[in-house]
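Scroll down for the structure; my scribbles are underneath it.
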Protein chains: 2
Amino acid sequence: MHDIAHGARDASHVEGHFESSESVRDVVIGLSDGLTVPFALAAGLSGAVSSAHIIVLAGLAEIAAGSIAMGLGGYLAARGDAEHYASELKREQTEVVTRPDDEAEEIYEIFRQYSVSREAATPVLTALQQNPPAYVDFMMRFELGLEKPAENRAHRSALTIAFSYIAGGLVPLLPYMFVGPTSSLMPTTAAALKFSVLITLIALALFGALKGRLVGTGALRSALQTSLIGGAAAAAAYGLARLLNHA
Amino acid sequence: MHDIAHGARDASHVEGHFESSESVRDVVIGLSDGLTVPFALAAGLSGAVSSAHIIVLAGLAEIAAGSIAMGLGGYLAARGDAEHYASELKREQTEVVTRPDDEAEEIYEIFRQYSVSREAATPVLTALQQNPPAYVDFMMRFELGLEKPAENRAHRSALTIAFSYIAGGLVPLLPYMFVGPTSSLMPTTAAALKFSVLITLIALALFGALKGRLVGTGALRSALQTSLIGGAAAAAAYGLARLLNHA
């Protein structure tokens, strides 16, 4: 990610390091919560409520709430990042001009942390001082650790997260939508719960495996992790709902 | 945050820049979702279901599911970060020894992005080569943009996120717990919904204001944002539930 901000680099060596695109990260955020929370909620309610209609209703309300909360949250977070970057950029641009000695000391201080002496750092400082935009970029990244955010990131991020959440959330609800006295497969919510657990655990494992390959954690391990999170959340919600319903 | 990894620095100037502690970030993550999604779910269900018991049940099931999903998710994410850091560290440690010329080229390349010539960068390279641990730290931060994760971060992160979610999620559910024919304030779920909207919007605004001061976005603006997210999510869930219930 850090390469993108400063243009093309020789990728041949870096390649092996993991560089996730931000859109992929947004899909992962949306899908992992979408597959988990509505699933656990529906499973939990089916431990206490026999009406599939109410379970589907609650599940869809959760999807609406969760996708908006996550999408709008992602939008505002991305916009906040962009504004934070812009305000720090302005600050550094001013300081490079108005407080050149303080900025120079900051450069020495950055290098001092890596046991690089003032003498060794001076040629770099001199080069940076001759190129104020590069100087500012250097401070943004090496003093503040800030990357330039991508353009239009906020809108894209919001939509990607929200739609991934909706897509993930519909999977566990599907079986409950087919519950009815005429259905031989799913006559009751208890039967739908079994199907919901089955298809959602499969979806969680597939999603986890893909994510693991992408991130480099390993497919199997990541598949076990996502299934564990979904399963634990669903079991807790189910247990709690049963407990409260009998209280 | 970038200072922490490399020890104390002169804070007098940096102070004004925002440096969020990771625990504060975890509280913010947990609280903002906890105050939003269970609130919206309860509001949504009260548009379709008249039983306060079912609303409380669904709300608590959501809190159980959401807190586990977010907490466990946070735990695994933090552990993944730590492992990613460790594996990249090992890789850089090896490369500094086995591929010194490639690493030297990477140093030149980092500086080239800021228009610093090879000549000016050479003294820094020489200093780093005399101190391999500092060399590796430098590459971790300036080539890969990775920070050393705090010890035990995964456990703390998981618990902080989960408890913040629970604390936030209980606020909107409280009024529904007091619904009953003997209650003069809250005889029906419709009455409880009004109280829930009232106290949750106040909580969202207070939380947003605090967060805004902390992050430097401004209290009022941040308060408006968090209230907007919560309100929009609740309105969408309410509208959807009513629509589906009448369909």
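The values are calculated or read from the model by the stated rules, or taken from the named source; none is laboratory data. Predicted, not measured: the structure shown is a model, and the values here were computed from it. Backbone-built Cβ (ideal geometry, glycine too); neighbour counts: all protein chains shown. Just so you know, the surface numbers come from the protein's heavy atoms only, side chains and all, with ligands and any DNA or RNA stripped out. Shrake-Rupley method; radii C 1.70, N 1.55, O 1.52, S 1.80 Å.
Some notes on this structure:
- Estimated FRET transfer efficiency (B:THR98, B:ARG221; beta-carbon r; R0 60 Å; 0.05): 0.70
- Using alpha carbons only: equivalent-ellipsoid semi-axes of chain A, gyration tensor based, whole Å: 51, 19, 15
- As a rough guide to protection, the peptides A:160-173, A:73-86 ranked by mean Cβ packing within 10 Å, highest first, stand as A:160-173, A:73-86.
- Here the spin labels are modelled as points 7 Å beyond Cα on the Cα-Cβ line, and at B:SER50 and A:HIS155 they lie 4.6 nm apart.
- For the chain pair B and A, the interface hides roughly 6500 square angstrom of accessible area in total, found with a 1.4 Å probe.
- Once the Cβ-Cβ distance of B:GLN130 and A:GLU105 is raised to the sixth power relative to R0 = 25 Å, the FRET efficiency obtained is 0.60.
- For A:PRO132, the distances from its label point to the matching points in the remaining copies are 4.4 nm, ordered from shortest, with each point set 7 Å beyond Cα toward Cβ.
- Shape category assigned to the protein assembly as shown from the gyration tensor of Cα positions, a/c cut at 1.5: prolate
- Proximal charge balance of B:ALA219 [Cβ under 15 Å; K/R count +1, D/E count -1]: +3
- Helices of chain B meeting both criteria, an alpha-carbon length of 27 angstrom or more along the long axis and an average Kyte-Doolittle score not below 0.5, with helices taken as full DSSP H segments, are B:22-46, B:153-177, B:189-215, B:219-246.
- Reducing the range B:27-67 and the range A:20-96 to their Cα centroids gives an inter-centroid distance of 15 Å.
- Listed residues A:LEU144, A:TYR165, B:GLY145: farthest to the positive end of the dipole of the protein assembly as shown (Cβ charges): A:TYR165
- Shortest first, B:ILE199 label-point distances to identical copies amount to 3.8 nm, with the label point at 7 Å from Cα along Cα→Cβ.
- The simple Förster model, with R0 at 41 Å and r as the Cβ-Cβ distance, assigns B:PHE178 and B:HIS246 a FRET efficiency of 0.90.
- Listed pairs A:LYS211/B:LYS211; A:LYS194/B:LYS194; A:LYS90/B:LYS211; A:LYS211/B:LYS148 exceeding 25 Å between Cα atoms: A:LYS211/B:LYS211; A:LYS194/B:LYS194
- Threshold 40 Å², the range A:218-247 residues less accessible with all protein chains present than alone (1.4 Å probe): A:ARG221, A:GLN225, A:ILE229, A:LEU240, A:LEU244
- Inter-probe distance in nm under a simple model that places probes 7 Å from Cα toward Cβ, at A:TYR85 and B:ARG118: 3.2 nm
- Chain A: relative contact order in percent, alpha carbon pairs under 8 Å with at least 6 residues between: 36 percent
- Other protein chain Cβ atoms within 10 Å, averaged over every residue that makes up B:127-134: 3
- Charge dipole of the range A:30-158 (Cα centre as origin; +1 on each Lys and Arg Cβ, -1 on each Asp and Glu Cβ, all else neutral): 560 debye, rounded to the nearest 20.
- Computed with a 1.4 Å probe on the full set of protein chains, the accessible area for B:LYS90 sits at about 140 Å².
- Net +/- balance of residues flanking B:ARG153 in space, Cβ distance below 10 Å, scoring K and R +1, D and E -1: -2
- Partner chain coverage, peptide B:176-188 - average Cβ within 10 angstrom: 0
- Each Cα pair under 8 Å and six or more residues apart adds its sequence gap; the mean of these over the residue count of the range B:39-165 is a relative contact order of 39 percent.
- For the range B:107-247, the equivalent ellipsoid built from the Cα gyration tensor has semi-axes of 55, 18, 14 Å, listed from largest to smallest.
- Computed with a 1.4 Å probe over protein heavy atoms only, the accessible surface of the protein assembly as shown comes to 45 Å² per residue.
- Shortest-first nm distances, B:GLU105 label point to equivalent points in other copies (7 Å, Cα→Cβ): 4.0
- Fraction of accessible area attributable to carbon and sulfur, the range A:91-247 (%, probe 1.4 Å): 66 percent
- Each other residue within a Cβ distance under 9 Å of B:MET140 adds +1 if Lys or Arg and -1 if Asp or Glu, for a net charge of -3.
- For the range B:172-239, applying the loop criterion from DSSP together with a ceiling of 16 other beta carbons within 10 Å to the chymotrypsin sites (Phe, Trp or Tyr not before Pro) yields B:PHE178.
- Within 10 Å of each Cβ in B:138-145, the average number of Cβ atoms from other chains: 5
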